Amino acid sequence: MCDIVVMYDGYSNLKNKHEMKANCSCTLIKGFHNIVVDTMTSWDRDKIILALKKEDLTVDDISYVISTHGHSDHIGNNNLFLKAKHIVGFSVSFKDDYYLHPFDEGEEFKINNNVKVIPTPGHTLTDVTVLVISNSKETVALTGDLFEKFEDIEDPGIWLDAGSEDEVLQRKNRSKVAQLADWIVPGHGPKFKVTDEIREILLKQIHIQS
Ligand SMILES: [Zn+2]
């Protein structure tokens, strides 16, 4: 059994050429392991504690914290979770113990029967996506900034402007994740349903030269 609670929807809005307002989607997976994915900015500590409280949880009930990549708005409160294993991009650790996992060879990291972490580089070269099988047996992908928001499917300029360290890989992994998932929780927007039309658009975009 796995409950997926998006505690905060991410957002990103350009204020002008040099400034933007942004925070990431922060998600709780409740199940055999309680897992928090992406911990917002360092100024959101109290918001996270409050959202967990609404789920009858404290920070010490969390056994994994996963940051889809190492940018400041996705790691800001990792140090609230001192009983948890930390996965930040391709790096897996607890205290000063590091567990060397071959994400770079494409290998997934299985947390339990319903939750696994797969490498999906592009936005950064060490981005990961969390795949969760929900109570209704649907697959939900917590993608971090592999997908910025729903609108970036029609308008790839949105994810490209958000920064991509490898555009070709990102296009491939966007399409791959859409094939695997029924729902996507993107890095900076509300959760959306993956349709066959979306899968087709993303498949075509692999072949577009940027
Ligand atoms: Zn982000």
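Side notes on the structure shown:
- Within the range 125-137, the residues that satisfy the criterion of being of a type outside the set (G, A, S), in contact (Cβ under 8 Å) with a residue 40 or more places away in the chain and open to solvent by 10 Å² or more (accessible area, probe 1.4 Å) are L125, T126, L131, I133, N135.
- Set Q170, Q179: member being surrounded by 21 or more Cβ atoms within 10 Å (Cβ to Cβ) and in contact with a helix residue (DSSP H, G or I) (Cβ under 8 Å, 6 or more places away or on another chain): Q170
- Residue that is least open to solvent (accessible area, probe 1.4 Å), among those in the range 34-50 that are away from the ligand (no atom under 16 Å from the Cβ) and more than 17 Å from the chain's Cα centre (by Cα): I49
- When residues of the range 60-79 are limited to those that are among the polar types (S, T, N, Q) and more than 16 Å from the ligand (Cβ to nearest atom), the one surrounded by the most Cβ atoms within 10 Å (Cβ to Cβ): S63
- When residues of the range 1-33 are limited to those that are touching a residue at least 12 places away in the same chain (Cβ under 8 Å) and out of contact with any strand residue (DSSP E or B) (no Cβ under 7 Å at 6 or more places or on another chain), the one nearest to E138 (Cα to Cα): M1
- Filter pass, I158 being within 13 Å of the ligand (Cβ to nearest atom), over 18 Å from I4 (Cα atoms), over 12 Å from the mean Cα position of the chain (by Cα) and β-branched (V, I, T): yes
- Of all residues in the range 162-177, those that are more than 16 Å from the ligand (Cβ to nearest atom) and of a type in the set (G, A, S) have Cβ atoms under 6 Å from Cβ atoms of residues that are in a helix (DSSP H, G or I) and open to solvent by less than 60 Å² (accessible area, probe 1.4 Å), 6 or more apart or on another chain, in S175/L202; S175/I206.
- Qualifying position, being open to solvent by 70 Å² or more (accessible area, probe 1.4 Å), aliphatic (A, V, I, L, M), at pLDDT 95 or above and on the phi < 0 side of the Ramachandran plot, among L28, L82, L57: L82
- Selection over the range 88-124 of residues that are of a type in the set (F, W, Y) and either surrounded by fewer than 16 Cβ atoms within 10 Å (Cβ to Cβ) or more than 15 Å from the chain's Cα centre (by Cα) (or both) gives a count of 4.
The values are calculated or read from the model by the stated rules, or taken from the named source; none is laboratory data. Quick caveat: nothing in here was measured; it's all calculated off a predicted structure. A quick note on method: Cβ atoms are made from the backbone with ideal geometry, for glycine too, and the neighbour counts reach across all protein chains shown. For the accessible areas, the whole protein counts, side chains as well, though only heavy atoms, and no ligand, DNA or RNA atoms are used. Shrake-Rupley method; radii C 1.70, N 1.55, O 1.52, S 1.80 Å.
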